[in-house]
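Participant: Sharing a structure here in structure tokens format.
The values are calculated or read from the model by the stated rules, or taken from the named source; none is laboratory data. Every value quoted in this text rests on a predicted model; they were computed, and no experiment measured them. Here Cβ is always computed from backbone atoms with ideal geometry, including for glycine, and neighbour counts include all displayed protein chains. Keep in mind that these areas ignore ligands, DNA and RNA; they rest on the heavy atoms of the full protein, side chains included. Shrake-Rupley method; radii C 1.70, N 1.55, O 1.52, S 1.80 Å.
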Amino acid sequence: MTKQKAAVLEVIRSARCHYTAEEIHREAKKILPGISLATVYNNIHALEREMLIRKITGEDLSDRYDSSPIPHGHLYCKGCGAIADFQPMGIDQTLRDAAGGEYDSYELKVRYLCKRCREAHLGT
Ligand SMILES: [Zn+2]
Ligand SMILES: [Zn+2]
């Protein structure tokens, strides 16, 4: 793995949220100051092909990247656009039953108002 690719993977893995390519670029520059956005894109696509990361779609339809190779659901805040992970209980068995066996992946999007937005909304 090149040091550019390792840096991109490190940024995505250390992100608590799901970064866009621009955000990954911003953080990768802290590790490798000379890295270009085009290089970041190329490495994101390579990591995606190797299934080390997964692309998800943000609420604003931007592409965002997830470091977890394990399928999981996402909570989309309609207030601030933050995306949080959650692991739905029992869904694996439900989907295996529905698919009659193995399945490749699933997408589960839940729209809500996150705790921070809910508190802000209440106007404390
Ligand atoms: Zn929010
Ligand atoms: Zn996720």
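Participant: Looking at the chain, what % of the alpha carbon pairs are farther apart than 18 Å?
Facilitator: 59
Participant: How much accessible area per residue does region 25-84 have, in Å², with a 1.4 Å probe?
Facilitator: Value for region 25-84: 53 Å² per residue.
Participant: Sticking with this structure for a sec: For region 90-98, just list the computed ³J(HN,Hα) in residue order, Karplus coefficients 6.51, -1.76 and 1.60, θ = phi - 60°, integers in Hz, with x standing in for Gly and Pro.
Facilitator: Running phi through 6.51 cos²θ - 1.76 cosθ + 1.60 with θ = phi - 60° gives x, 5, 4, 5, 4, 6, 4, 4, 5 Hz.
Participant: Output ³J(HN,Hα) for region 2-18: one whole-Hz value per residue in order, computed from phi by the Karplus curve 6.51 cos²θ - 1.76 cosθ + 1.60 with θ = phi - 60°, and x for Gly and Pro.
Facilitator: Those phi angles translate into 5, 5, 5, 5, 4, 5, 4, 5, 4, 4, 5, 5, 8, 6, 7, 9, 10 Hz.
Participant: Another one. If you stretched the chain out fully between residue 26 and residue 86, how much longer would it get, using 0.36 nm times the residue separation minus the C-alpha to C-alpha distance? Mind showing how you got there, number by number?
Facilitator: Numbers: separation 60, 0.36 × 60 = 21.60 nm, distance 2.62 nm.
Extending this stretch completely gives an extra 19.0 nm.
Participant: Also, I was wondering about something else. Using a 1.4 angstrom probe with every protein chain in place, what is the largest-first accessible-area order of 8, 110?
Facilitator: 110, 8
Participant: What is the set of long-range amide H partners of residue 114 at a cut-off below 5 Å, with H atoms built 1.01 Å from backbone N?
Facilitator: 78, 79, 80
Participant: Taking amide H positions as placed 1.01 Å from N in the peptide plane, with prolines and chain starts having none, which residues 5 or more places from residue 56, or on another chain, fall under 5 Å of its amide H?
Facilitator: Amide H neighbours of residue 56, under 5 Å, 5+ apart: 64, 65, 66.
Participant: Something else: Could you look at the chain and say what percent of its accessible area is carbon and sulfur, using a 1.4 Å probe and all protein chains? Before the final figure, lay out each step's value.
Facilitator: Details: 4230 of 7990 Å².
In the chain, the share of accessible area belonging to carbon and sulfur is 53 percent.
Participant: Pop out the ³J(HN,Hα) list for region 40-56 in order, Karplus 6.51 cos²θ - 1.76 cosθ + 1.60 with θ = phi - 60°, rounded to Hz; leave Gly and Pro as x.
Facilitator: 4, 4, 4, 6, 4, 5, 5, 5, 5, 4, 7, 6, 8, 9, 10, 8, 10
Participant: If exposed means no more than 13 neighbouring beta carbons inside 10 Å and the site is in a DSSP loop, what's the longest run of the chain without any exposed GluC sites (Glu not before Pro)?
Facilitator: Values: sites that count: 50, 102, 107.
Here the longest segment lacking exposed loop sites spans 51-101.
Participant: Test of understanding: what is the full-extension gain from residue 48 to residue 2, defined as 0.36 nm times their sequence separation minus their Cα-Cα distance?
Facilitator: Full extension from residue 48 to residue 2 adds 15.0 nm.
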